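Heads up, the thing below is written out as structure tokens.
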Amino acid sequence: LAQAVLPPTPPACISRCAQTTIPAMALKIVAGLLATLSTPVGASLLRIPVRRVEVQHDDDTTSGPQVLLGLASQLGTSERGQRVEEEVVLSNNKNMAYYGEIRVGEPGQKLTVIFDTGSSNLWVPTKATGSGEFYDFGVSSTHVGSSVIFQISYGSGDISGLFCQDTVSIGEMALPNFTFAEVNDTSGLRNWAGMPFDGVLGLGFPELAVRGVPTVMQALVQSGQLAEPVFGFYLGDQQEGQLVLGGVDASHVASEFTFADVTHPGYWSVALDSVKVGDFMTLSATPTAIVDSGTSLLAGPSEEVEVLALMLGAKSIKGMYVIRCNHHLPAMAFTLGGRDFFLEKEDLVTQKIGHLCVLGIQAIALPQRMWILGDVFMRKYYVQFDWGQKRVGFALAATAQNTNLV
């Protein structure tokens, strides 16, 4: 096979080593995929249904991994046709991970990926990983291989493979000759073989990309296929979510957006004014929050999380913060762009185990002080990622209980 021509390797991008490990959560990822893709033509929307994949449920909730793939696992290391807005429906894995479908190669091979705002590369597994679904580059007529090594170091080990080029499609949008990684070793990702998704599609900025290769969002913007250089996330609570490329879906937004500028392009980082518990405690020592769809929980500096847990009346059991389910829980709030974004008890509880409720809060050790706002935050708030203006917009996500104001 011909060899792909790849950009030179920036030294800081050869490997991104985690400073944290992935604790076991009392959860199993057991949901399947229900995807609907949307392409507006002119002023109308064309909705294309995609097959639902059923996955057998496993009621064992005594152990299992949480998804912690994006920011938390990397910090501390060095026209085709009319412009469209593309909608990708995401599956909900017991409220712990969100993934959707892409196609790779010609003819297109369907694979499911986590859409991860905390990383910037696309990688998919090959047959060598033992995954049930994998990228078979041998049957793609447009595959161009290379000998350039791809590697990311996670807290529990490495994943590795080779870069290649092939056509990558999301809905009706296609990126020919796109550079991504075909991974042949996923042994460093705990329990990956048992998860119902195949790879990771990073939606972070180019500064994070291993080997400096173009990102999917960068390529889509440059191709002119997007209506706007924007994407929006709606993460459904016990229902399917939605990723919109090229704009936001107003039907999932229940308030006006509050915007905060990206402070350090690379991650989707914004200034964090404070973290509050009820009306009796305010923490302001941590200056940055990063919105990361590849992290399941709220993650922050250990000393702050321990104080918050104390104020919330939570105890640490095997790395999880738990309360008795009948315990009153004061609201938490993250102050972003001058506005408080509240999380109530029903937002913070991710799992019930008997009379105990598991909170979606995690203490992690990072070289920089920051909070990671993962899916616990993003389920309550619709997040608009404005690639063009380098800003993040936050709005209350529409539910059956609130009114759409937009």
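A quick yes/no check of all residues on (1) touching a Pro at 6+ places or on another chain (Cβ under 9 Å); (2) of a type in the set (D, E, K, R); (3) more than 13 Å from residue 348 (Cα to Cα):
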{"position": "271", "(1), (2), (3)": "yes, no, yes"}
{"position": "279", "(1), (2), (3)": "yes, yes, yes"}
{"position": "299", "(1), (2), (3)": "no, no, no"}
{"position": "302", "(1), (2), (3)": "no, no, yes"}
{"position": "307", "(1), (2), (3)": "no, no, yes"}
{"position": "314", "(1), (2), (3)": "no, no, no"}
{"position": "321", "(1), (2), (3)": "no, no, no"}
{"position": "325", "(1), (2), (3)": "no, no, no"}
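Restricted to region 104-122, and to residues there that are charged (D, E, K, R) and open to solvent by 40 Å² or more (accessible area, probe 1.4 Å), the residue that is farthest from residue 269 (Cα to Cα) is 106. Summed over region 170-212, the residues that are crowded, with 19+ Cβ neighbours inside 10 Å and under 24 Å from residue 139 (Cα atoms) give a count of 17. Out of all the residues in region 245-252, is one or more over 24 Å from residue 225 (Cβ atoms) and of a type outside the set (Phe, Trp, Tyr)? Within region 245-252 (the criterion being over 24 Å from residue 225 (Cβ atoms) and of a type outside the set (Phe, Trp, Tyr)), the answer is no, since none of the residues qualifies.
Among the residues of region 266-282, is any surrounded by fewer than 21 Cβ atoms within 10 Å (Cβ to Cβ), modelled with pLDDT under 90, closer than 15 Å to residue 117 by Cβ and under 17 Å from the mean Cα position of the chain (by Cα)? For region 266-282, residues surrounded by fewer than 21 Cβ atoms within 10 Å (Cβ to Cβ), modelled with pLDDT under 90, closer than 15 Å to residue 117 by Cβ and under 17 Å from the mean Cα position of the chain (by Cα): present.
Conditions tested, residue by residue: (1) touching a Cys at 6+ places or on another chain (Cβ under 7 Å); (2) more than 19 Å from residue 389 (Cβ to Cβ); (3) part of a loop (DSSP other than H, G, I, E, B).
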site: 176; (1), (2), (3): no, yes, no
site: 183; (1), (2), (3): no, yes, no
site: 187; (1), (2), (3): no, yes, yes
site: 196; (1), (2), (3): no, yes, yes
site: 201; (1), (2), (3): no, yes, no
site: 221; (1), (2), (3): no, no, no
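So which of 333, 314 ends up being at pLDDT 90 or above and in contact with a helix residue (DSSP H, G or I) (Cβ under 9 Å, 6 or more places away or on another chain)? Among 333, 314, only 314 is at pLDDT 90 or above and in contact with a helix residue (DSSP H, G or I) (Cβ under 9 Å, 6 or more places away or on another chain).
Quick check: is even one residue across region 319-332 crowded, with 20+ Cβ neighbours inside 10 Å and farther than 22 Å from residue 353 by Cα? Yes; the residues of region 319-332 include at least one that is crowded, with 20+ Cβ neighbours inside 10 Å and farther than 22 Å from residue 353 by Cα.
Count of region 168-215 residues, restricted to those that are in contact with a Lys or Arg (Cβ under 8 Å, 6 or more places away or on another chain), over 23 Å from residue 295 (Cα atoms) and modelled with pLDDT under 90, is 1. Checking each residue in region 99-110 for being assigned to a strand (DSSP E or B), acidic (Asp, Glu) and over 30 Å from residue 372 (Cβ atoms) picks out no residue at all. If you go through region 205-226 and keep only what is closer than 18 Å to residue 264 by Cα and of a type outside the set (S, T, N, Q), you end up with 205, 206, 207, 208, 209, 210, 212, 217. Of the numbered criteria (1) in a loop (DSSP other than H, G, I, E, B); (2) open to solvent by 10 Å² or more (accessible area, probe 1.4 Å), the one residue 286 fails is (2).
Reported count of residues in region 345-367, each being within 10 Å of residue 329 (Cβ to Cβ) and open to solvent by less than 10 Å² (accessible area, probe 1.4 Å), is 3. Just one residue in the set 239, 225 is more than 19 Å from residue 119 (Cα to Cα), at pLDDT below 90 and surrounded by 22 or more Cβ atoms within 10 Å (Cβ to Cβ); that residue is 225.
Rundown of residues vs (1) at positive phi; (2) crowded, with 23+ Cβ neighbours inside 10 Å, yes/no style:
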position	(1), (2)
124	no, yes
130	yes, no
141	no, no
144	no, no
148	no, no
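Kindly check whether there is at least one residue in region 379-399 that is over 30 Å from residue 244 (Cα atoms), modelled with pLDDT under 95 and surrounded by fewer than 16 Cβ atoms within 10 Å (Cβ to Cβ). Within region 379-399, none of the residues are over 30 Å from residue 244 (Cα atoms), modelled with pLDDT under 95 and surrounded by fewer than 16 Cβ atoms within 10 Å (Cβ to Cβ). Scanning region 111-149 for residues that are within 20 Å of the chain's Cα centre (by Cα) and part of a strand (DSSP E or B) turns up 111, 112, 113, 114, 115, 116, 122, 123, 124, 125.
The values are calculated or read from the model by the stated rules, or taken from the named source; none is laboratory data. The shown structure was predicted, so the numbers you read here are calculated from the model rather than taken from an experiment. No Cβ is skipped: glycine too gets one built from the backbone with ideal geometry, and neighbour counts run over all protein chains shown. When the accessible area is computed, the model is the full protein with side chains, heavy atoms only, and any ligands, DNA or RNA have been set aside. Shrake-Rupley method; radii C 1.70, N 1.55, O 1.52, S 1.80 Å.
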